[in-house]
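Student: Okay, here's the structure, questions in a sec.
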Ligand SMILES: *[C@@H]1O[C@H](CO)[C@@H](O)[C@H](O)[C@H]1NC(C)=O
């Protein structure tokens, strides 16, 4: 009995600390992070809610400067943007070159075969447009991963159940050689989801092995095309999804491992969620075993509350959704009484905050209470919301704040319903 009470208390403790999965407003899978301009941009698949088989019609984008507060950028690309595509907006990867961003996707064609397409944009957040009006590669394989090696040669790999590559031309939307099949080392147990990158002259191929349920494995070599040596399992089979798909990046001196599981309420193999863990490479460049956690990663730095912050910048949330906003970007909607948004590591400073402005719209009414430390922690103020006359008729409401000093996790705890939330900004005490 005592043990079970302690276990229960411990699990609530973990939930309060939870930052994984890092998107709670929808189901996301196959995270493909790109470090760009001081932020991590995580492109993801989007499993439609209620799916009982693969049902993905667009890709989504989230970004962060601190690895814990993730801003929702909506949908940069959709199946509809490829006139020849029918279904399955599967695992993408995005890479910059030539002043553009190249967005590689696997999709199922109108003829039922799988192929790889490419879309481009001059803005990382899109919108992206089909670069070719037809597939780049028709080979009935999926899971593109792209790498520009130190010599400047770009390689596009793809897989399932074999691993192939083509050498991309400088234009990134055509290729000069291949497809070439890569000879896999014995013991590789290769299935799908390759993520290829070079680090300290070692070429890494991380991938999903032993379908179903999958674990994440890797192999390394001294050239982009091998031969590769099998190096073992990175993430053992776990979580409520029978697939997994890794991505590995370095950001601001830290190394991160992205993957997916089924950890949100209702989650499973078709309603997946992207997560991230931090790890350290061993001195010989090998990768340690990494376990799934709900705690997630440590914040790098803090969040400044005295500049405009988007409501859709979220460390963790419950019972909110996001939508395209008439003022530009995205807003938070679907608010119900008891919904909350956690923003992590908010730096109020020594003088602290005197007031808060929130941008809201809707015909409903309610209140936004602000708490520190937890949903029921120190209450620092409440902004009242009344009808603004329309679901996208935006209005700024200001309320007094007291007791907000230092650096704290902050919770917007919502009362009432029928309103949406676009952005917020505190004023510092003078
Ligand atoms: C990219 O698009 C976003 C959203 O429209 C915009 O806020 C941002 O300024 C753009 N970035 C550049 C570099 O043009």
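Student: In what order do 104, 423, 36, 164 fall by count of nearby beta-carbon atoms within 10 Å, going from fewest to most?
Tutor: Least to most surrounded, the residues fall as 36, 164, 423, 104.
Student: Also, I was wondering about something else. Consider a paramagnetic label point 7 Å from the Cα of residue 139 along Cα→Cβ; state which residues of the range 195-220 have an amide N under 18 Å from it.
Tutor: 195-197, 204-208, by backbone N distance to the label point.
Student: Shifting gears a bit: Within 10 Å, count the other beta carbons around each residue, average over each peptide in 287-294, 187-194, and list them highest first.
Tutor: Details: 287-294: 15.0, 187-194: 21.8.
Top to bottom by mean Cβ count within 10 Å: 187-194, 287-294.
Student: A follow-up question, please. Assuming a ≥ b ≥ c are the square roots of the Cα gyration tensor eigenvalues, decide whether the range 17-279 counts as rounded (a/c under 1.5), prolate (otherwise, with a/b larger than b/c) or oblate.
Tutor: Rounded, since a/c falls under 1.5.
Student: For the residues 195, 394, what sequence is obtained by ranking on other C-beta atoms within 10 Å, fewest first? Walk me through the numbers on the way to the answer.
Tutor: Details: 195 26, 394 17.
Exposure proxy ranking, most exposed first: 394, 195.
Student: Once label points are set 7 Å from the Cα along Cα→Cβ at both residue 429 and residue 354, what is their separation, rounded to one decimal in nm?
Tutor: Going by the 7 Å Cα→Cβ label model, 1.0 nm.
Student: How would 73, 139 line up from fewest to most surrounding beta-carbon atoms within 10 angstrom? Provide the component values of the computation, followed by the final result.
Tutor: On the way: 73 21, 139 16.
The fewest-first ordering by Cβ neighbours comes to 139, 73.
Student: OK, next. If each of residue 240 and residue 222 carries a label point 7 Å out from its Cα toward its Cβ, how far apart are those two points in nm?
Tutor: For the pair residue 240/residue 222, the computed spacing is 4.7 nm.
Student: Follow-up. Compute the length gained on full extension between residue 86 and residue 337: take 0.36 nm times their separation in residues and subtract their Cα-Cα distance, giving the result in nm to one decimal.
Tutor: On the way: separation 251, 0.36 × 251 = 90.36 nm, distance 3.90 nm.
Gain in length upon complete extension: 86.5 nm.
Student: Rounding to the nearest 10 and keeping the result within 0 to 90°, find how far the Cα-based axis of helix 2-17 lies from the longest principal axis of the chain.
Tutor: That helix lies at roughly 90 degrees to the long axis.
Student: Distance between the C-alpha centers of the range 364-413 and the range 177-219? Whole Å please.
Tutor: Taking the Cα centre of each part, the range 364-413 and the range 177-219 sit 47 Å apart.
Student: Return the distance in nm (one decimal) between the two label points of a simple spin-label model at residue 122 and residue 375, each offset 7 Å from Cα along Cα→Cβ.
Tutor: About 4.6 nm separates the two model spin labels.
Laboratory data are not the source of any read-out in this text; all were calculated from the coordinates shown. Model, not experiment: these values are computed from the prediction. Cβ: placed from backbone, ideal geometry, glycine included. Neighbour counts: every protein chain shown.
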